[in-house]
Every structure is written in structure tokens, then in C-alpha cells.
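**Student:** Right, I'll just put the structure down here and ask away after.
Read-outs throughout are calculated quantities, based only on the coordinates presented, and are distinct from any laboratory measurement. Quick caveat: nothing in here was measured; it's all calculated off a predicted structure. A quick note on method: Cβ atoms are made from the backbone with ideal geometry, for glycine too, and the neighbour counts reach across all protein chains shown.
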Amino acid sequence: MKQIKVLLLADSSSIHTRRWANALNESGLNVFIFSLCDPTGKYNDGIKIYSQGFNPNWTNRDTKVYNKIIYLKTLFALKKIIKKVKPNIVHAHFATSYGLLGALSGFQPYIISVWGSDVYDFPKRSFINKLILKFNLSKANIILSTSHVMAKETSQYTKKPIIVTPFGVDIEKFKLTSENKINSKLIFGTIKTLDPKYGIDILIQAFALVYKRLKDENVESELHIIGGGPSEFELKKLVESLNLKDYVRFVGKVTHDCVPKYLNSFDVFVALSIDNSESFGVAVVEASSCSLPVVVTSVGGLPEIVSDNFTGYIVPPNDPVTAADKMFDLSMNFEKRKYFGKNGRLLVEEKFNWNDNVNRMLEIYNFILKM
């Protein structure tokens, strides 16, 4: 069988792009990437990346229409690459910037994967944005979404069917490393970009409440925050104002390879996002894969990856009191933490095994080539 050549239009500095590209390459596909900015992390040797050298901060996916127009300067370069590579499939990851370039390239078969803010935020900013998104989706032969709730959101802008393709985890890499983990302190943790939409400030407020209650029970506790981002200064000031400087650790951004180690140092994983553009929640799936109990909010795709009172707790957004209650409940009940963690691991094995997710994508590629 002739080797399939797929051209991904995607941000090569994203861990999500890197995981898809490497997995497809390892599955026998010939993978090429057209990216507006330079790659980060390790890509497989067989993957060819065509970077346009843009500043990754300037090419942020939330940029305005004016900047989307500037993206069009790269359309000529994309068409030259398509002519050179002669791909069997063009697959855009993100429905606006990369989706627009793919739509204007005129190439088919063409796939668009929606990611989150491209369908939750971008079209709501202006009528023109809405038209751009509708146009991009109209040019796609297949539209993919990582969650059912995001597929429903996307359906407002197209009548085409949308296929749900979860973005799972490597269950051999993300797993419990010790059945007898005993921390001297109870560790709550999160791994998120320090951005307002992820509710890290709500988490800190919730921890402040839990910390006081646990102290009354003679239980020491800490909150470990993994990640960097624009809100770091404000969040550290909040910690200081709550007199929690000695009990909240800002670890900073870590490589994806280090994430399992940090997850295995936690007792409870907490993700209190406040925005529906939290379309899936890979970090939560990774935590469940490591047999951690989780506390998440009822936004976006998070309720699809957590079974309330079975793998964790689902709480309302912007509600530190309720979040603190659930965090305290798990703190005081080791058997429940173990029960939720075990159930979470089984859920990931059933629905979010990365190998199964990759095979599903390969099925879609084979299907589109027969259309």
C-alpha cells in the first residue's frame, strides 16, 4: 500500500501537535507540518516541518481579525509546499488561523480539528469572525472535535456532521508508580497554564479554606501549581495576601515527560476552570490515568471525562467554598481517594487510551481517502 502523506497545518510549538505528528509518523504515515512559528520539543526524525518563523506570542490563537489577515501572507508559501509535498490529506488543527489557510488553499480532502477558543470565543467577537469560521468549516470534508460539548458548539456554524475524537494519554507512561505512596503532607496539585480562564485564583481561594480546616484536624497540606503563564504575578500576590506563601508552591513550567512524576507526587488533582473553552482537559485525563482522584468544574468538556462521585467530584465554577468542601472530603478519606483513583484509571483505559485514539484517526484518514 502506498504510504499516506499528511500535511498538518498546526502550531508546531504545541505539545498536542507534537503528539499527533509523532504518533502518526510512528504509525507509518509520512508527516509534514506547516507552522506559523518555530517548533519546540522533540519531533521524530522523519517529520518535515515548514516554519514561517513568526513570533509565537504574536501568532497566539486568540489574535484579532487584523492579524488573521496578516496570516494570509503565508498562503502563497502554503500553496508552494502543497505543490512540493503532494499530500494525500491536509489536516488543519484549529479552525480559525490554520483553518482559514487550509480553506483558502483549496486542497481536498481537507480535515479541520476544532480546539476550543476557535469555536467558543473567536466567532462571538464580531460578525466577520463568525463568517470566517463558517467559511472555513464549509470547506472541510470532515470536522473533528475532542469532546461532545465542543461538537455541539461547533454545530452552530455548520450543518456538517462532527466526529468526536478524544485526545487521550499514553497509559503506559501515565500510571501510578507506587501503590503505597505516603506523603508527609497532603498534596493538592494542578497542572495548567496560569491564565485567568483556568481558575487558578479560585483554586488558591479554595485551598485557603481547606488548609485552615485541615490544620484544625492536625493535617499538614500544600498546594503545588505546575505551569507558567501571564497570571503568575497576580496569583503569587494572592497567595501572599492569604498568608499562604509557605504552603503554595509555584513549580513553573515543566516538560511533558516530567508530568507523570509530578502527578504521582499529588494526593488530589484539582482543575477549577471557569471557561467553556476548556474543551477537553487532557491534564485531568492524565491525572486519572495516574489513579488520582480529581475535583473539576462543570464547564466545557470536563464533565465528559469525570464521573461525578465515581472518579472524582464535579463542582460549579467560581465556587471556592464547594470546591473546598470536596477537597476536604477527599483529604479525610484515604479509601475514597483510592476508590476514585482506581475508577479513574479504568475510565481512561476504556475511553482515553492514546493508542485507540490514534487508531481512530487513522480510520478517519482511510475513510476520507475513499470518499
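**Student:** What full-extension length gain, to one decimal in nm, is calculated for Glu335 and Lys236 as 0.36 nm per residue of separation minus the Cα-Cα distance? Please list the in-between numbers first.
**Tutor:** Numbers: separation 99, 0.36 × 99 = 35.64 nm, distance 3.31 nm.
Full-extension gain reported as 32.3 nm.
**Student:** For the residue pair Thr193 and Glu26, what label-to-label distance in nm results when each label sits 7 Å from Cα along the Cα-to-beta-carbon direction?
**Tutor:** Between Thr193 and Glu26, the label points sit 2.5 nm apart.
**Student:** Per residue, what volume in Å³ does the convex hull of the Cα atoms of the chain enclose? Let's see the in-between values first.
**Tutor:** Values: hull volume 49.3 nm³, N = 371.
Per-residue hull volume (Cα only) is 133 Å³.
**Student:** Can you give me the span-like helices of the chain, meaning DSSP H runs with 20 Å or more of Cα extent along the axis and Kyte-Doolittle mean at or above 0.0? Intermediate values should be presented prior to the final figure.
**Tutor:** Numbers: long enough: 200-216 (24 Å, 0.67); 334-351 (26 Å, -1.29); 354-369 (23 Å, -0.14).
Helices meeting the criterion: 200-216.
**Student:** Ok, one more. What length, rounded to one decimal in nm, is gained on full extension from Thr255 through to Phe76, with 0.36 nm per residue of separation minus their alpha-carbon distance? Intermediate values should be presented prior to the final figure.
**Tutor:** Numbers: separation 179, 0.36 × 179 = 64.44 nm, distance 3.43 nm.
Separation in residues times 0.36 nm, less the Cα-Cα distance, equals 61.0 nm.
**Student:** Sort out for me the Cα centre separation of region 191-227 from region 246-268, rounded to whole Å.
**Tutor:** The distance from the Cα centre of region 191-227 to that of region 246-268 comes to 13 Å.
**Student:** Once label points are set 7 Å from the Cα along Cα→Cβ at both Phe127 and Phe310, what is their separation, rounded to one decimal in nm?
**Tutor:** 4.6
**Student:** Hey, another quick one. Tell me, what are the semi-axes, in whole angstrom and largest first, of the equivalent ellipsoid of region 145-269 as set by the roots of 5 times the Cα gyration tensor eigenvalues?
**Tutor:** Working: eigenvalues 201, 84, 38 Å².
The equivalent ellipsoid of region 145-269 has semi-axes of 32, 20, 14 Å.
**Student:** Turning to a different aspect of this structure: From the gyration tensor of the Cα coordinates in region 214-264, what semi-axes in whole Å does the equivalent ellipsoid have, largest first, with each one equal to sqrt(5λ)? If you can, show how the numbers build up before the last one.
**Tutor:** On the way: eigenvalues 99, 64, 5 Å².
Here the semi-axes work out to 22, 18, 5 Å.
**Student:** If only Cα atoms are counted, what is the Rg of region 87-196, and what is its Dmax, in Å?
**Tutor:** Rg, Dmax (Cα atoms, Å): 18.6, 59.
**Student:** With the cut-off at 30 Å, tell me which of the pairs Lys192/Lys212; Lys152/Lys370; Lys237/Lys351; Lys159/Lys253 have Cα atoms farther apart than that. Please report the intermediate quantities before stating the final value.
**Tutor:** Numbers: Lys192/Lys212 24 Å; Lys152/Lys370 27 Å; Lys237/Lys351 40 Å; Lys159/Lys253 40 Å.
From the list (Lys192/Lys212; Lys152/Lys370; Lys237/Lys351; Lys159/Lys253), the Cα-Cα distance tops 30 Å for Lys237/Lys351; Lys159/Lys253.
**Student:** Just to verify a number: FRET efficiency for Gln156 and Lys83, C-beta to C-beta distance, R0 = 30 Å, to 0.05? Provide the component values of the computation, followed by the final result.
**Tutor:** Details: r = 35 Å, r/R0 = 1.16.
It comes to 0.30.
**Student:** Please list, or write none, the lysines whose alpha carbon is within less than 20 Å of the alpha carbon of Lys336, excluding same-chain residues fewer than 8 places away.
**Tutor:** Leaving aside lysines fewer than 8 places away in the same chain, those within reach of Lys336 are Lys175, Lys181, Lys185, Lys326.
**Student:** Using label points projected 7 Å from each Cα along Cα→Cβ, tell me how many nm separate Asp246 and Ser298, to one decimal.
**Tutor:** For the pair Asp246/Ser298, the computed spacing is 3.9 nm.
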